[in-house]
Amino acid sequence: MEKKQFQAESKRLLEMMVNSIYSHKEIFLRELISNASDAIDKIYYKALTDDTLTFNKDDYYIKVDADKENRTLKITDTGIGMTKEELENNLGIIAKSGSLAFKNENEMKDGQDIIGQFGVGFYSAFMAADTVTVFTKALGSDEAYKWESQGTDGYTIEPHEKADVGTEVILNIKENNEDENYDEFLEEHHLKTIIKKYSDFIRYPIKMDVTESKPKEGSEDEFEQVQEEQTINSMVPIWRKNKNELTDEDYENFYTEKHYGFDKPLKHIHISVDGAVRYNAILFIPEKMPYDYYTKEYEKGLELYSNGVLIMEKCGDLLPDYFSFVKGMVDSEDLSLNISREILQHDRQLKLIAKNIKKKIASQLQSLLKDDREKYEAFYESFGRQLKYGVYSDFGSHKEELQDLLMFYSSKEKKLVTLADYVSRMPEDQKYIYYAAGETHDRIEKLPQTEIVSEKGYEILYFTEDIDEFAIKMVMNYKEKEFKSVSSGDLGIDEEENEDQTSEETDNKELFDYMKNVLSDKVKDVRVSKRLKSHPVCLSADGEVSIEMEKVLNSMPD
Ligand code: ADP
Ligand code: MG
């Protein structure tokens, strides 16, 4: 039997890939910079085991040069370079990753830092360029080579002069057409933005010649254009630094730099986990509600990095809806990426991280509540409603996690209290946790139904938001105490009520029959009640749905 190799139409494959796997053209720069960083990392790892090599961090950098006139963009690195054979294998065979092979050959344990693994990123250059030229000289080699390709019809390799070890990738940027703007890949400012966005935490400096307007020497009002080499990326990600070395201000700066919000964060959470799943995260609880927070436009999510390279700007799967206000980022080495390095193929790790993060947020909010009540109340003012939605959503399945974070205004304390506060103050004979729903505190205070409960010395929680009562119905009971609306039929207060009630009702049968008749389509029953003190009459609800809830339900669109 003859065994045959699969044949691939590499031209078509390349075209397909380039045009379909990446959703943003601009990521080609991320890919080329990642390759450059990998190439430098390889020298670094070789130097660890080879005494003849020294690694002086200052000698290693990546440089991006744009030449508008010639429409070229050049990415230079001082990395390990490629031999002729490596050029053929790594740039000539699609899906062959020299970096993955390097990782395996060197059994790199800490080597998770190497970014490449799929052997396709390089070709993304053809999304922006019609010709790609590579000049490269490998470490330890005297020969240098030029590799060139127009993408679809193969490539050429020839010897070429190059003084230093390393690689230059030169892109001939495409001309603009009706649909696409390629000029922006030659614009200094735009390039800086892309580098910052995706490659800010590459560990080696990414340099660029930047033109700036500076005052002329000896003159105050005359300016000249000066070119200056600048390092664009911040290099050391704050989340890899030791917590003890960081100040609140560092975190606040990060929050502002990242445009997480215009406010100052109320609290930051810095997580480094090195267990079943490894990740670093910096999360923020904002103080103020973003202007679009309670609208459909608001999109929850955290930035997701893999080895310091941005993979996704808003990863919604990392946050439950009830913590959608949390801002920040997660960096993990353990993510399963698909070849476009955009979406995750298997989200097992992501799920683990999300679960872990959720717990941390809950416990940090809990400690904020315990340690800094004032701050917690400011937080609750903005986002309490979201927590209540959380309790209500998914049939109350998150209530255990959230119920201790809830607060309601108290008739006794005249401020927000937690359910734990309430229960701890309950007199022994009090059976229920009482609440009253209404539009404002004022209105609730005037409700006839609250009188008897207050007179008994029992505290009442005021529910002024639509969601309150719905959420509490999901909680059902707290520390074995059930919730009771002050307008419900049986308040559990007057045991002796029944006897008096019947006698008064029979004594005044005519009056009661008359009232029932007049209100026949509005009320189910008219009864004598002992619960009224200074008011002649009140409405009360039997059953699960209270009058307030009914109002909300009726106001909802069908
Ligand atoms: P990946 O980075 O996932 O391996 P790429 O298509 O981006 O895939 O690159 C293919 C291979 O080409 C890399 O694994 C590496 O061996 C080689 N390579 C690409 N760019 C460079 C570079 N600047 N310096 C040295 N080798 C490079
Ligand atoms: Mg790559």
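The values are calculated or read from the model by the stated rules, or taken from the named source; none is laboratory data. Since the structure is predicted, the reported quantities are computational estimates derived from the model, not experimental observations. Note that we place each Cβ from the backbone using ideal geometry, even for glycine, and neighbour counts take in every protein chain shown.
Within the range 1-45, work out how many residues are free of Cβ contacts under 8 Å to residues at least 60 places away in the same chain and either within 25 Å of Ile195 (Cα to Cα) or within 10 Å of ligand 1 (Cβ to nearest atom) (or both).
Residues in the range 1-45 being free of Cβ contacts under 8 Å to residues at least 60 places away in the same chain and either within 25 Å of Ile195 (Cα to Cα) or within 10 Å of ligand 1 (Cβ to nearest atom) (or both): 3 in total.
When the range 403-461 is limited to residues that are of a type in the set (Ser, Thr, Tyr) and under 17 Å from Tyr376 (Cβ atoms), the one that is surrounded by the fewest Cβ atoms within 10 Å (Cβ to Cβ) turns out to be Tyr409.
Could you please give the count of residues in the range 481-506 that are assigned to a loop (DSSP other than H, G, I, E, B), modelled with pLDDT under 70 and surrounded by 15 or more Cβ atoms within 10 Å (Cβ to Cβ)?
First, the residues of the range 481-506 that are assigned to a loop (DSSP other than H, G, I, E, B): 486-487, 489-496.
Still in the list and also modelled with pLDDT under 70: 494-496.
The next check asks that each one be surrounded by 15 or more Cβ atoms within 10 Å (Cβ to Cβ); those that pass are 494.
Total meeting the criteria: 1.
Every listed requirement among (1) assigned to a loop (DSSP other than H, G, I, E, B); (2) more than 18 Å from Lys74 (Cβ to Cβ) is met by Glu212 save one, (1).
Could you tell me whether Met515 is over 25 Å from Val552 (Cα atoms), surrounded by 14 or more Cβ atoms within 10 Å (Cβ to Cβ) and either at pLDDT 90 or above or out of contact with any strand residue (DSSP E or B) (no Cβ under 8 Å at 6 or more places or on another chain) (or both)? Yes; evaluated as a whole, the condition is true for this residue.
Suppose we filter Thr133, Thr76, Thr72 for residues that are within 13 Å of ligand 1 (Cβ to nearest atom), at pLDDT 90 or above, farther than 22 Å from Met17 by Cβ and touching a strand residue (DSSP E or B) at 6+ places or on another chain (Cβ under 9 Å); which single one remains? Don't jump to the end; show me each part of the working.
Working: Thr133 fails: farther than 22 Å from Met17 by Cβ; Thr72 fails: within 13 Å of ligand 1 (Cβ to nearest atom).
Only one candidate qualifies: Thr76.
One line per residue, one yes/no per condition, for (1) within 13 Å of ligand 2 (Cβ to nearest atom); (2) under 31 Å from the mean Cα position of the chain (by Cα):
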{"site": "Arg12", "(1), (2)": "no, no"}
{"site": "Ile27", "(1), (2)": "yes, yes"}
{"site": "Gly92", "(1), (2)": "no, no"}
{"site": "Phe102", "(1), (2)": "yes, no"}
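Among the residues here, Ser97 does not qualify as within 16 Å of ligand 2 (Cβ to nearest atom), closer than 24 Å to Lys11 by Cβ and under 30 Å from the mean Cα position of the chain (by Cα).
Going through the range 161-206 one residue at a time, which ones are under 28 Å from the mean Cα position of the chain (by Cα) and charged (D, E, K, R)? The answer is Lys192, Lys196, Lys197, Asp200, Arg203.
Taking Glu228 as the residue in question, decide whether it is at pLDDT 95 or above and either surrounded by 15 or more Cβ atoms within 10 Å (Cβ to Cβ) or part of a strand (DSSP E or B) (or both). Lay out the reasoning, then the answer.
Working: at pLDDT 95 or above: no; either surrounded by 15 or more Cβ atoms within 10 Å (Cβ to Cβ) or part of a strand (DSSP E or B) (or both): yes.
So Glu228 fails the test.
Scoring Thr152 on the criteria (1) more than 15 Å from ligand 1 (Cβ to nearest atom); (2) touching a residue at least 24 places away in the same chain (Cβ under 8 Å); (3) assigned to a strand (DSSP E or B) leaves a single failure, condition (3). Checked against the criteria, Lys314 does not count as at pLDDT 95 or above and either surrounded by fewer than 22 Cβ atoms within 10 Å (Cβ to Cβ) or of a type in the set (Lys, Arg) (or both). Taking the listed residues Gly261, Gly328, the one that is under 17 Å from Phe383 (Cα atoms) and over 11 Å from the mean Cα position of the chain (by Cα) is Gly261, with no other qualifying.
In the range 136-149, the qualifying residues are those that are within 13 Å of ligand 1 (Cβ to nearest atom) and assigned to a strand (DSSP E or B), and the one that is surrounded by the most Cβ atoms within 10 Å (Cβ to Cβ) is Thr136.
Taking Ser199, is it in contact (Cβ under 8 Å) with a residue 40 or more places away in the chain and within 16 Å of ligand 2 (Cβ to nearest atom)? So that I can check it myself, show each step before the final result.
Working: in contact (Cβ under 8 Å) with a residue 40 or more places away in the chain: yes; within 16 Å of ligand 2 (Cβ to nearest atom): yes.
In short, yes.
Scoring Lys63 on the criteria (1) touching a residue at least 60 places away in the same chain (Cβ under 8 Å); (2) assigned to a helix (DSSP H, G or I); (3) within 33 Å of the chain's Cα centre (by Cα) leaves a single failure, condition (2).
Inside the range 95-117, can you point out the residues that are over 19 Å from Thr167 (Cβ atoms) and in a loop (DSSP other than H, G, I, E, B)? Listed by number, the residues that qualify are Ala95, Asn106, Glu107, Met108, Lys109.
Among the residues in the range 17-34, are any surrounded by 17 or more Cβ atoms within 10 Å (Cβ to Cβ), closer than 20 Å to Met108 by Cβ and touching a Gly at 6+ places or on another chain (Cβ under 8 Å)? Within the range 17-34, one or more residues are surrounded by 17 or more Cβ atoms within 10 Å (Cβ to Cβ), closer than 20 Å to Met108 by Cβ and touching a Gly at 6+ places or on another chain (Cβ under 8 Å).
Is at least one residue of the range 38-51 away from ligand 2 (no atom under 14 Å from the Cβ) and not in a helix (DSSP H, G or I)? Show your work before the answer.
First, pick out the residues of the range 38-51 that are away from ligand 2 (no atom under 14 Å from the Cβ): 43-51.
Checking the rest, the ones that are also not in a helix (DSSP H, G or I) come to 50-51.
Within the range 38-51, one or more residues are away from ligand 2 (no atom under 14 Å from the Cβ) and not in a helix (DSSP H, G or I).
For residues in the range 177-197 being assigned to a loop (DSSP other than H, G, I, E, B) and not charged (D, E, K, R), which is farthest from Leu29 (Cα to Cα)? Step through it out loud before you land on a result.
Restricting attention to the range 177-197, the residues satisfying the condition of being assigned to a loop (DSSP other than H, G, I, E, B) are 177-182, 187.
Those still in the list that are not charged (D, E, K, R) too: 177, 181-182.
Details: Asn177: 20, Asn181: 15, Tyr182: 13 Å.
Here the residue is Asn177.
Where helices (runs of 4 or more DSSP H) fall wholly inside the range 343-402, the ranges with 3 or more residues that are crowded, with 17+ Cβ neighbours inside 10 Å and of a type in the set (Val, Ile, Thr) are 348-371. Scanning the range 171-188 for residues being under 19 Å from Met208 (Cα atoms) and of a type in the set (Asp, Glu) gives a total of 4. Which count do you get for residues in the range 105-147 that are of a type in the set (S, T, N, Q), within 16 Å of ligand 2 (Cβ to nearest atom) and over 15 Å from Asp38 (Cα atoms)? Total meeting the criteria: 1.
Looking only at residues that are more than 21 Å from Lys103 (Cα to Cα) and surrounded by 18 or more Cβ atoms within 10 Å (Cβ to Cβ) in the range 64-77, which one is nearest to ligand 2 (Cβ to nearest atom)? Before the answer, list the steps.
So the first thing to find is which residues in the range 64-77 are more than 21 Å from Lys103 (Cα to Cα), and the list is 64-76.
Filter once more, keeping what is surrounded by 18 or more Cβ atoms within 10 Å (Cβ to Cβ): 64, 66, 71, 73, 75-76.
Working: Val64: 16, Ala66: 21, Arg71: 24, Leu73: 17, Ile75: 12, Thr76: 16 Å.
Out of the qualifying residues, it is Ile75.
Among residues of the range 119-130 that are under 16 Å from Leu87 (Cβ atoms), those with a beta-carbon under 8 Å from a residue that is away from ligand 2 (no atom under 14 Å from the Cβ) and in a strand (DSSP E or B) at least six positions away or on a different chain give the pairs Ala125/Leu171. Is it the case that the range 261-281 has a residue that's among the polar types (S, T, N, Q), outside any helix (DSSP H, G or I), within 23 Å of Ser363 (Cα to Cα) and touching a Lys or Arg at 6+ places or on another chain (Cβ under 7 Å)? Yes, the range 261-281 contains a residue that is among the polar types (S, T, N, Q), outside any helix (DSSP H, G or I), within 23 Å of Ser363 (Cα to Cα) and touching a Lys or Arg at 6+ places or on another chain (Cβ under 7 Å).
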